[in-house]
Amino acid sequence: MKKTMSILTAVLLFALLSACAVADVNPGSSAPGFTLTDTRGATHSLSDFAGHVVVLEWINTDCPFVKKHYGPGNMQSLQESYGAKGVVWLSICSSTPGKQGHFTPEEWNQILEANGSNAKAVLLDTDGQVGLAYGAKTTPHLFVIAPDGTLVYNGAIDDKPSTRSEDIEGARSYISEALDAVLAGEPVPVARTTPYGCSVKY
Amino acid sequence: MAQRCGVRSVRMKLFTVILVAMIGIGASAAPVRDGPVVAELIADTLTVTPGQPFTIALRMQVDSPWHIYWINPGDSGLAPSLDWTLPEGLAVGDMQHPPPLAIPTPPFMTYGHTGDVVFLMEVRPPADLSGPTVTLSAEVDWLVCHELCIPGFAEVELSLPVRAEPGEPSEHAEIIAAARSQRPIEGVDWALTAQVQADRLILAASPPTDDALPIDSAQFFPYSRTVIRHAAPQTWHAGGGGGRLELVVRDAAEPPEYLSGVLVVQRGGTSLALRVNIPVAGTFSSRPANPKGT
């Protein structure tokens with residue numbers, strides 16, 4: 001009975017969530033605008049950052065693929081070095097209340113204190129609308145937006161889908177390549193890849 | 001010297017006899033649990049004959065309600081992987097994945113397995129394999145999920161005696177035979193075609209003419225992660241003994257040259273899995289496509 005109910009719930013939820021259009025934003029198209037509140041209560045809109053390169057990084061601190069990059073400081077190091085070059089790096093959490101990765105702002109600030117983050121802000125997309133607008137599938141899932149608001153990268157952080165931190169060193173960093181290219185005003189060599197990670201907990 | 005040797009040598013002989021007896025039983029090493037998964041290597045035979053292929057399997061028993069992933073996990077997740085340590089000259093074929101289940105993660109879709117999952121592999125021992133035993137070891141990595149995901153790891157091992165005579169079936173021969181019967185089949189007598197139609201890919205399937213069982217529903221699982229929208233409904237239109245399955249392609253995707261994956265059809269309460277690897281006819285455009293011809 002329980003199994004039937006949980007399958008029925010999943011199917012119903014699936015039908016409901018599928019009904020809200022899940023986007024698939026391709027590089028070359030206009031990045032969807034949004035306004036979200038961060039963990040410190042400040043509001044940010046994508047339009048605030050016009051003229052800057054923006055990174056959107058979907059996050060769930062309990063996901064082993066996110067831990068792979070945060071554990072050894074890989075994500076924080078990317079956030080810091082590109083932040084120093086003027087990139088606006090925003091982490092976004094679309095976990096719905098009750099599901100993994102959802103925290104109150106107070107809990108978030110404790111987590112960020114403990115784990116470290118050099119993102120400009122962690123945005124709380126509690127109703128999942130921004131995630132759905134971008135088609136964010138996994139944590140991590142990365143998007144790079146050029147200064148003119150065009151999406152130039154959509155996909156994985158690197159080319160080694162695994163949960164092992166040891167795999168970072170030999171991997172091809174798609175995010176670094178995309179950022180280096182857009183900062184130099186050049187076309188991004190690989191604009192779209194398949195992201196890997198845990199599912200976003202809408 | 002002789003006195004010291006007396007007691008010791010008996011103990012040593014007893015130890016050796018027990019050890020040889022254990023090897024003689026030829027069982028796999030103990031199953032390994034990591035979280036909700038128990039992993040082990042099993043074989044369909046009790047002993048190995050040099051030059052004689054046999055079947056093994058990675059068996060992963062996944063506690064309910066958890067799941068592991070198919071070779072194409074879908075929109076998220078990660079398929080299990082094996083890293084072998086093998087004796088010189090012995091080859092093991094690729095992992096054969098059972099047909100998957102569609103496991104929704106709303107609004108997205110994944111493909112995976114639940115319960116007792118058996119990945120078959122063929123082993124080809126060299127003709128000059130020397131005994132007394134042969135040991136296959138592997139490191140298995142997987143992702144097991146339900147609401148949240150846990151990476152899993154196990155070191156699994158299989159040791160079998162080497163014998164000149166053909167091996168007797170092991171206690172696992174039946175489960176391996178059952179897995180073999182559930183594998184996707186080539187469907188040589190089936191007519192399978194793929195055709196672009198506006199923004200859809202139409203997979204048409206017709207069973208052999210002497211097969212009157214109608215197809216109630218069907219689902220296509222692609223090997224590639226980038227061809228179709230995994231979460232889009234796949235509408236089955238029955239007709240002419242078989243039918244057509246509508247697949248929604250990913251936005252702005254160029255049609256692939258080939259459509260590869262597994263088509264699972266439901267007929268009268270039983271499911272049949274067919275291996276699909278067919279050329280795709282037509283091109284995507286806003287106008288109705290003209291078939292290029294297969």
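The values are calculated or read from the model by the stated rules, or taken from the named source; none is laboratory data. Here the structure is a predicted model, which means the values were calculated and not measured. Ideal geometry is used to build each Cβ from the backbone, glycine not excepted, and the neighbour counts take in all protein chains shown. Heads up: the accessible areas ignore ligands, DNA and RNA and are worked out on the full protein's heavy atoms, side chains in. Shrake-Rupley method; radii C 1.70, N 1.55, O 1.52, S 1.80 Å.
Tabulated data for the structure shown
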{"read-out": "DSSP-defined antiparallel bridges as percent of all bridges, region A:25-199, nearest 5", "value": "60 percent"}
{"read-out": "Relative contact order [Cα under 8 Å, 6+ residues apart], chain B, whole percent", "value": "18 percent"}
{"read-out": "GNM top mover of B:V117, B:V62, B:V188 - chain B, alpha-carbon springs below 10 Å", "value": "B:V188"}
{"read-out": "Estimated dipole of chain B in Debye, rounded to 20 [Cβ of Lys and Arg +1, of Asp and Glu -1, Cα centre]", "value": "200 debye"}
{"read-out": "Check: the protein assembly as shown dipole with +1 on Lys, Arg Cβ and -1 on Asp, Glu Cβ, in debye", "value": "540 debye"}
{"read-out": "Accessible surface of B:I176 - all protein chains present, 1.4 Å probe, nearest 10 Å²", "value": "0 Å²"}
{"read-out": "Interatomic Cα distance distribution for the protein assembly as shown, bins of 10 angstrom, percent", "value": "4, 17, 24, 23, 17, 9, 4, 2, 1, 0"}
{"read-out": "Sulfur and carbon atoms: percent of accessible area, region B:191-281 [1.4 Å]", "value": "50 percent"}
{"read-out": "For residues of B:107-114, the mean tally of beta carbons on other chains within 10 Å", "value": "4"}
{"read-out": "Summed side-chain charge close to A:K68 - residues other than A:K68 whose Cβ falls under 11 Å, Lys, Arg +1, Asp, Glu -1", "value": "0"}
{"read-out": "Rg/Rg_ref, region B:151-218, where Rg_ref = 2.2 N^0.38 Å and atoms are Cα", "value": "1.92"}
{"read-out": "Cβ-defined net charge surrounding B:L90, 12 Å radius [Lys, Arg +1; Asp, Glu -1]", "value": "-2"}
{"read-out": "Neighbourhood charge, 12 Å Cβ-Cβ cut-off, centred on B:V38 and excluding it, Lys, Arg +1 and Asp, Glu -1", "value": "-2"}
{"read-out": "Mean separation of Cα contacts under 8 Å, 6 or more apart, over the residue count of chain A: relative contact order %", "value": "28 percent"}
{"read-out": "Residue of B:H146, B:H67, B:H172 that the Gaussian network model of chain B assigns the largest fluctuation, springs spanning Cα pairs under 10 Å", "value": "B:H146"}
{"read-out": "Per-residue [θ]222 nm for chain B (sum of -39500 (n - 2.57) over DSSP H runs n ≥ 4, rounded to 500)", "value": "-4000 deg cm²/dmol"}
{"read-out": "Residue among A:V25, B:V92, A:A156 farthest towards the positive dipole end of the protein assembly as shown, charges placed on Cβ", "value": "B:V92"}
{"read-out": "Built amide H within the under 5 Å cut-off of A:K137, gap 5+", "value": "none"}
{"read-out": "Distance between modelled label sites at B:A30 and B:H146, nm, 7 Å Cα→Cβ extension", "value": "2.5 nm"}
{"read-out": "Rough spin-label spacing in nm, given labels placed 7 Å along Cα→Cβ, for A:E106 and A:D148", "value": "4.7 nm"}
{"read-out": "Average accessible area per residue (Å²) across chain B - probe 1.4 Å, nucleic acids and ligands excluded", "value": "50 Å²"}
{"read-out": "Where A meets B: accessible area buried, both sides, 1.4 Å probe, Å²", "value": "2200 Å²"}
{"read-out": "Three-way shape label, region A:25-199, alpha-carbon gyration tensor, a/c 1.5", "value": "rounded"}
{"read-out": "Amide H contacts of B:A281 (H built 1.01 Å from N, under 5 Å, at least 5 apart or other chain)", "value": "B:A194, B:Q195, B:V196"}
